[in-house]
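Just below is one structure, and these are the notes that go with it.
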Amino acid sequence: MTVTGTKEFDIKATPADVMAAIVAVEDLPGWSGPHKSVTVESRFDDGRPNRVRADVSAVGFTDHQITDYTWNGDDSMSWSLQDSTLQAVQEGTYRLTPTANGTHVHFDLALKPKIPLPGFVVKKVLSIAMDTASKGLTKFVESR
């Protein structure tokens, strides 16, 4: 069962500052509670992460993930799961739009576990990810 979610929120910082925080994937364990470790395995020529390995824990499970990132300047970024111990699908996107007071963030996420899990468990994982993406990222960016 694939679950999807969308979250929109505002951050009091420029899109460039928000994107700089997103680019700093090695800092994820500092602002995203589920992320226990993050290693950048390869980078694009501009230094932004390409392939990332992470250990992520939620609702009693720990997942070992490899994701590939794509970047569109300071406008958007996406990632796609390449390998995982627990997930068949994970696709995420941050889209940033400048506002008078900072940046409007549109976050989309799709998850599908490899093994059958009760729907409420998968939805709980999605809920944790959505809250982390909004509250954790906002706090991280605005404290920099």
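The values are calculated or read from the model by the stated rules, or taken from the named source; none is laboratory data. Just so it is clear, the structure is predicted and the values come from calculations on it, not from any experiment. Cβ placement follows ideal geometry from the backbone for every residue including glycine, while neighbour counts extend to all protein chains displayed. SASA here: full protein model, heavy atoms, side chains in, ligands and nucleic acids out. Shrake-Rupley method; radii C 1.70, N 1.55, O 1.52, S 1.80 Å.
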If you take the square roots of the eigenvalues of the alpha-carbon gyration tensor of the stretch 13-144 and sort them as a ≥ b ≥ c, do you get rounded (a/c under 1.5), prolate (a/b over b/c) or oblate?
prolate
Which of the pairs Lys7/Lys139; Lys12/Lys135; Lys36/Lys112; Lys36/Lys123; Lys7/Lys123 have their Cα atoms more than 19 Å apart in this structure?
Lys36/Lys112; Lys36/Lys123
Specify whether the C-alpha gyration tensor of the stretch 99-144 places it in the rounded, prolate or oblate class, a ≥ b ≥ c being the square roots of the eigenvalues: rounded for a/c under 1.5, otherwise prolate if a/b is larger than b/c and oblate if not.
prolate
Report the charge-dipole magnitude of the stretch 23-141 in Debye, nearest 20, computed about the Cα centre from +1 at each Lys and Arg Cβ and -1 at each Asp and Glu Cβ.
440
Order of exposure, largest accessible area first, which applies to Asp63, Asp10, Asp45 with probe 1.4 Å
Asp45, Asp10, Asp63
Everything considered on the Cα gyration tensor (a ≥ b ≥ c; rounded for a/c under 1.5, else prolate if a/b is larger than b/c, else oblate), the stretch 1-44 must be described as oblate
Spin-label point model (7 Å from Cα, Cβ direction): what's the Thr39 to Ala20 distance in nm?
2.8
What's the ranking of 89-95, 138-144 by average number of surrounding C-beta atoms within 10 Å, highest first?
89-95, 138-144
Going 7 Å from the Cα of Arg53 in the Cα-to-Cβ direction, what parts of the stretch 22-38 have a backbone nitrogen less than 16 Å from that spot?
26, 36-38
Accessible area in square angstrom per residue, the chain, 1.4 angstrom probe
52
Pop out the carbon and sulfur fraction of the accessible area of the chain as a percent, whole number, probe 1.4 Å.
52
Point-charge dipole on Cβ atoms (K/R +1, D/E -1) for the stretch 1-49, about Cα centre, debye to 20:
180
Over the chain, relative contact order from alpha-carbon pairs under 8 Å, at least 6 apart, %:
30
Distance between the stretch 48-85 and the stretch 10-39 - C-alpha centres, whole angstrom
12
